[in-house]
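The values are calculated or read from the model by the stated rules, or taken from the named source; none is laboratory data. Being a predicted model, the structure only gives us computed values, none of them experimental. A quick note on method: Cβ atoms are made from the backbone with ideal geometry, for glycine too, and the neighbour counts reach across all protein chains shown. Areas reflect the complete protein model, heavy atoms only, side chains present, ligands, DNA and RNA absent. Shrake-Rupley method; radii C 1.70, N 1.55, O 1.52, S 1.80 Å.
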Amino acid sequence: MNDYRDVTPRQHTETVKHVFRYVVDYLRHPVEKIKTLPDWNWTVLLITLIVISMASGVITGLVPPSFFRVIGGIIISPIVGVVTTAVGSLTIYYYFQVFEKRTCSLRKIFTLLLFANIPFFIFQVGSEIIPPITLVGFAFTALLMAVGLTENFQMDKRRALRLVTILFAIVFIIWLWNRIDISRMDRF
């Protein structure tokens, strides 16, 4: 069987341009763009997530500047971004199966979480200076998730808000626990 896919450098360049234009347009109109998600393949989704999380990690490492934090942004941030997006996607995927009694596309859920997390990545940059700003970023992420779940998966608004509120509460508890641990370590 022959494979006639176009994998020329020109095709890759066009894909990169398309993704870049979409992300820029998303940054201009996040609520509108989260309502109609792109239908990208897994490779494009993963590379986009890795690049966005890496950029966020590197910029976060520069505020204030630290060589090791920049290297951590290059190595650790993409891993954390992919793992958390995958776990969140699987959680919502199984939520639909168990509580909504239907199966939704895991790739579409992953796409929703990728784009909903962009405000979190942006606000994460200032988290070293103002730690609670992480929660502001995640609040925007939660709101975009609620809109995306309602518009893309025809989920009832109240159920979508309840789900993202529970997820926000879990993130808040983890964040608070982390801040308490950090303050304990600073005392020693």
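R0 = 22 Å: FRET efficiency of V44 with I71, Cβ-based, nearest 0.05? Kindly include the intermediate steps, with their values, before the conclusion.
Numbers: r = 26 Å, r/R0 = 1.19.
Efficiency for this residue pair is about 0.25.
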Accessible area per residue of the chain at 1.4 Å probe, in Å²?
63 Å²
Estimated Rh, the chain: Kirkwood, alpha-carbon pairs, angstrom:
17.8 Å
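As a test of the formula, what do you get for the chain when each DSSP H run with n ≥ 4 contributes -39,500 (n - 2.57) and the sum is divided by the residue count, at 222 nm and rounded to the nearest 500 deg cm²/dmol? Numbers along the way, then the final one.
Details: 8 runs with 149 residues, N = 188.
Helix-only estimate at 222 nm: -27000 deg cm²/dmol.
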Accessible surface of segment 38-186 [probe 1.4 Å, protein heavy atoms]: carbon and sulfur percent
74 percent
For segment 113-188, which trypsin sites (Lys or Arg not before Pro) pass both filters: DSSP loop (anything but H, G, I, E, B) and at most 16 other C-beta atoms within 10 Å?
none
Please give every one of the lysines within straight-line cross-link reach of K101, meaning a C-alpha to C-alpha distance under 29 Å, and leave out same-chain neighbours fewer than 8 residues apart.
K33, K35, K157
In nm, spacing of pseudo-spin labels at I166 and V136 (7 Å Cα→C-beta vector)
2.9 nm
Computed over segment 105-188, the distribution of all Cα-Cα distances in 10 Å bins, rounded to whole %, is 18, 42, 27, 10, 3, 0
Hypothetical label at I174: residues of segment 102-134 whose amide nitrogen lies under 19 Å (7 Å Cα-Cβ projection)
109-128, 131-134
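Cα-based Rg of segment 64-156 per 2.2 N^0.38 Å, rounded to two decimals? List each step's numbers first, then the result.
Details: Rg = 15.2 Å, N = 93, 2.2 N^0.38 = 12.3 Å.
Ratio of Rg to 2.2 N^0.38 Å for segment 64-156: 1.23.
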